[in-house]
Amino acid sequence: MKIIKTVLQLQKVLSKERALGKSIGFTPTMGALHKGHYSLVTRMMQENEIGVVSIFVNPTQFGEASDLKKYPRTLKADAALLSKSGVQYIFAPSVEEVYPKKGKKKKLKLDLKGLDSKMEGEFRPGHFAGVCQVVKRLLDIVEPDALYMGQKDFQQFSIINHMLRTLKIPTKLVVCDIIREPHGLAMSSRNERLTKDHRKRAAVIYKMLQWIKRNKNKYSPAVLKKRGMEKITIPGFRPEYVAIVNGDRLTSVRKMDSHDYVVACVAVWAGDIRLIDNIIIKK
Ligand code: AMP
């Protein structure tokens with residue numbers, strides 16, 4: 001396994017692999033890797049001959065500078081974990097490498113068709129523009145056959161899927177299941193920063209999502225959302241939204257019967273840590 005820091009070096013090794021006819025899988029991450037990331041990498045290695053994992057804390061997708069600063073950076077431990085996965089290349093570039101000064105102002109112009117206006121888009125303005133910018137840049141560098149992303153970030157992969165189709169990028173998007181801690185909390189690099197008490201009580205988030213799924217035919221989406229918000233309003237927790245949306249368009253669902261694909265999504269602050277999760281309630 002090689003850790004590569006520059007675009008040129010990565011492109012050089014990958015063009016050799018490609019010339020040998022090898023398929024290339026790519027998993028973009030921001031590091032501080034956990035079992036959720038590892039499941040993406042495992043799937044990537046099952047389906048491709050060559051695996052590339054990027055570890056890059058992308059500044060353009062963070063709203064607050066303090067959140068960016070606090071984001072854990074654990075390259076040594078990440079590399080140790082990945083060394084068991086069979087991945088051949090870790091791409092760990094600097095900010096300057098990803099965004100060379102000359103190109104800094106070049107923003108990706110892409111109509112996200114409202115996919116970015118609700119949920120995360122409402123509470124994290126500019127976030128998805130930053131995500132699209134970095135994923136496009138990384139795809140241009142790696143040119144993978146397949147891209148691995150988690151259902152954990154439901155809105156993110158929906159938007160990336162839209163970007164791939166709109167820009168006619170010939171990369172297959174593979175979406176992987178959410179990996180959870182034993183009590184149900186979706187794994188996240190941010191969980192490490194939760195207090196012991198908050199981490200324990202964060203089990204309420206998945207319990208609430210499961211309650212919505214169980215009761216999808218009993219109550220209207222409006223009632224499910226309201227009751228969902230109440231269930232996670234516990235000491236130390238501040239919910240931002242519970243949304244019930246069409247899984248393709250991410251538009252609000254008013255009547256369950258009118259949609260074949262429905263997802264419940266949630267964002268909640270546990271102390272000063274923001275957690276997101278979701279569950280497919282109908283497909
Ligand atoms: P991040 O490092 O948080 O940007 O995440 C990198 C990729 O890992 C994204 O595609 C995430 O959706 C995915 N991911 C993060 N947490 C999980 C999880 N608990 N289960 C599955 N995939 C995850």
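Every number in this text was worked out from the coordinates using simple rules, so none of it is lab data. A quick note: this is a predicted structure, and the numbers were derived from the prediction, not measured. Ideal geometry is used to build each Cβ from the backbone, glycine not excepted, and the neighbour counts take in all protein chains shown.
Let me know the charge dipole size of the range 1-158 about its Cα centre in debye, to the nearest 20, where only the beta-carbon of Lys, Arg (+1) and Asp, Glu (-1) is charged. Present the calculation step by step, with values, prior to reporting the outcome.
Numbers: 26 positive and 16 negative charges, 102 e Å.
Dipole magnitude for the range 1-158 comes out near 500 debye.
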Under 5 Å between amide H atoms, partner at least 5 residues away or on a different chain: which partners does Arg124 have, H built in plane at 1.01 Å? none
Output ³J(HN,Hα) for the range 89-96: one whole-Hz value per residue in order, computed from phi by the Karplus curve 6.51 cos²θ - 1.76 cosθ + 1.60 with θ = phi - 60°, and x for Gly and Pro. 10, 9, 9, 10, x, 7, 4, 5
Report the residue, chosen from Val253, Val242, Val266, that carries the largest GNM mean-square fluctuation when the chain is represented by alpha-carbon nodes joined by springs under 10 Å. Val253
How much of the pair distance distribution for the range 108-187 lies past 18 Å, counting alpha-carbon pairs only, in percent? 45 percent
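Could you pull out the pairs from Lys172/Lys225; Lys16/Lys101; Lys113/Lys216; Lys152/Lys282; Lys168/Lys283 whose alpha carbons sit more than 23 Å apart here? Before the final figure, lay out each step's value.
Numbers: Lys172/Lys225 33 Å; Lys16/Lys101 28 Å; Lys113/Lys216 27 Å; Lys152/Lys282 16 Å; Lys168/Lys283 26 Å.
Exceeds cut-off: Lys172/Lys225; Lys16/Lys101; Lys113/Lys216; Lys168/Lys283.
Based on the Cα coordinates of the range 1-138, what is the per residue volume of their convex hull in Å³?
Details: hull volume 18.6 nm³, N = 138.
Enclosed volume per residue, from the Cα hull, is 135 Å³.
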For the range 162-283, what D do you get in µm² per second when you plug the Kirkwood radius from alpha-carbon pairs into Stokes-Einstein at 37 °C and 0.692 mPa s? 212 µm²/s
Which residues qualify? For Met187, with a placed amide H closer than 5 Å and at least 5 residues away or on another chain, they are Ile179, Arg180, Glu181
Note down the Stokes-Einstein diffusion coefficient of the range 31-88 in µm²/s, whole number, using a Kirkwood radius over alpha carbon pairs, 4 °C, and 1.567 mPa s. 103 µm²/s
Karplus ³J(HN,Hα) for the range 24-38 (6.51 cos²θ - 1.76 cosθ + 1.60, θ = phi - 60°; Hz, whole; x = Gly/Pro) runs 10, x, 9, 10, x, 9, 10, x, 6, 5, 9, 4, x, 4, 4
Write down Rg/Rh for the chain, rounded to two decimals, with Rg from the C-alpha atoms and Rh from the Kirkwood relation over Cα pairs. 0.97
Once amide hydrogens are built 1.01 Å from N within the peptide plane, the residues lying 5 or more places from Ala267 or on another chain with amide H under 5 Å from its amide H are Glu240, Tyr241
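Which is the longest run of the chain containing none of the chymotrypsin sites (Phe, Trp or Tyr not before Pro) found in DSSP loop states (not H, G, I, E, B) with at most 16 other C-beta atoms within 10 Å? Display every interim value, and only then the final one.
Values: sites that count: Tyr219, Tyr261.
Longest stretch, sites excluded: 1-218.
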Zone of Lys113 (label point 7 Å along Cα→Cβ, backbone N under 11 Å): which residues in the range 152-184? 159, 161-167
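Per DSSP helix of 4 or more residues, -39500 (n - 2.57); summed, then divided by the residues of the chain. What does that give at 222 nm, rounded to the nearest 500? Write down the numbers at each step before the final one.
Working: 11 runs with 107 residues, N = 283.
Dividing the helical sum by the residues of the chain leaves -11000 deg cm²/dmol.
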What is the ratio of the Cα radius of gyration of the range 1-59 to 2.2 N^0.38 Å, where N is its residue count, to two decimals? 1.17
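Treating only the Cβ of Lys, Arg, Asp and Glu as charged (+1, +1, -1, -1), what charge dipole size does the range 212-264 show about its Cα centre? Round to the nearest 20 debye. All intermediate terms of the calculation are to be shown ahead of the outcome.
Numbers: 12 positive and 5 negative charges, 48 e Å.
For the range 212-264, the charge dipole is close to 240 debye.
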Residue by residue, what Karplus-based ³J(HN,Hα) values in Hz, rounded to whole numbers, does the range 141-150 have, using 6.51, -1.76 and 1.60 with θ = phi - 60° and x for Gly and Pro? 7, 7, 6, x, 6, 9, 10, 10, 9, x
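What is the Cα radius of gyration of the range 215-275 over 2.2 N^0.38 Å, N being its residue count?
Numbers: Rg = 12.5 Å, N = 61, 2.2 N^0.38 = 10.5 Å.
The value comes to 1.19.
Say R0 is 25 Å: what FRET efficiency, to the nearest 0.05, do Asp67 and Lys196 get from their beta-carbon distance? List each step's numbers first, then the result.
Numbers: r = 22 Å, r/R0 = 0.86.
Computed FRET efficiency for Asp67 and Lys196 comes out at 0.70.
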For the chain, the dipole about the Cα centre with charges only on Cβ (Lys and Arg +1, Asp and Glu -1), to the nearest 20 debye, works out at 380 debye
What the Cα atoms of the range 77-142 span along the principal axes, largest first and in whole Å, is 40, 31, 18
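Before anything else, pin down the relative contact order of the chain: Cα pairs under 8 Å, at least 6 apart, normalised by residue count, whole percent.
Relative contact order comes out at 17 percent.
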